[in-house]
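Okay, structure first, notes after.
Every number in this text was worked out from the coordinates using simple rules, so none of it is lab data. All values reported here derive from a predicted model rather than from experimental measurement. We place every Cβ from the backbone using ideal geometry, glycine too, and count neighbours over all the protein chains shown.
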C-alpha cells in the first residue's frame, strides 16, 4: 500500500477545497466559440466575458460592454461547456479568455484559468491590461500567454480612441516583461486613427524595451463587420465612412514591426 504523508494529504485536501470554492464563483459570459484559430496558438476554445470599461470607437462587439448583458454562470457551469472537448483542445491549441475585458471579472476569470490548467490546457488571456493592478503576480501563474491590446502609443490619441488612459496598459506590459510572461501584441490598424508612421515607430520602440517576451505582433486590419451592432443598440457609430486599410498600408505597418526583428502576422 502506498504511504501518503500527512502534508501530502493536507495539500490534496486544500486543493480540493480550493477547486470546490472556485467552482462556485459566479461570472457573466457573453458567448463561447469552438474552433477559433486567431486568438492564440492552434485551434482554441474561447470564453467571451461580458463587461468592458473601454469605449473604443472601432469596437466590433459593443454588445459586450455591459456586464449584466451576459448570462450569469458559475465556474462549474462554464467548465461543463468546455470539459467534453478538453482532450481535443489539449492536442490542438488550448483555451483563450477574451471579452469584453476579462479583468473586469478577475476572480471568475482566474478561477476558470486554474481549472483549465488543471486539465493540462494551454491558456491565453486577451486583454488591454488596464485593470491589472487589481490582481497580484500569482494570478498569472495559470496563464501561459497574454494577447495584449495596445491600441495607440500616443496618450492623447489613445484617450480619444478608447476613453481611457494609456499608462496602465504600458505598466502592465512592463509587469509581464518582469514576470517573463509571453506576449502577442495585437494592433488594430485603423486608417486615420492608428496608421501614422511615427506612432507605429514609437510603439515598436516601446516593444523593444520589453526584451524577449514579445513573441509576435499581430496587425489586425479594421473592418466594418460590427457596425450594425451599434445601430441595433441605438448607439452613435462615428466610423461609418472609415475605409478598411489597403493591402499596401497593412504591408507598410507590418514591415515597420518586422524591421525591428519582431515576428509579424
Nearest 500 deg cm²/dmol is fine: what mean residue ellipticity at 222 nm does the chain get from its DSSP H runs of n ≥ 4 alone, each adding -39,500 (n - 2.57), divided by its residue count?
-11000 deg cm²/dmol
Cα Rg over Rh - region 79-125, Kirkwood
0.96
With a point put 7 Å past each Cα toward its Cβ, work out how far residue 66 is from residue 236 in nm, to one decimal.
2.0
Fraction of alpha-carbon pairs in region 43-113 farther than 17 Å apart, rounded to whole percent, equals 45
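Peptides 177-188, 205-216: what's the order by average Cβ count within 10 Å, highest mean first?
Details: 177-188: 18.4, 205-216: 15.0.
By packing density, highest mean first, the sequence is 177-188, 205-216.
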Separation of the residue 77 and residue 92 label points, Cα + 7 Å toward Cβ, nm:
2.6
Order of 52-64, 219-231, 236-248 by packing, highest average Cβ count within 10 Å first?
52-64, 219-231, 236-248
May I ask for the angle, rounded to the nearest 10°, between helix 167-179 and the longest principal axis of the chain, with both axes built from Cα atoms and the value confined to 0 to 90°?
50
Helix axis angle, 247-258 relative to the chain longest principal axis, alpha carbon, degrees
60
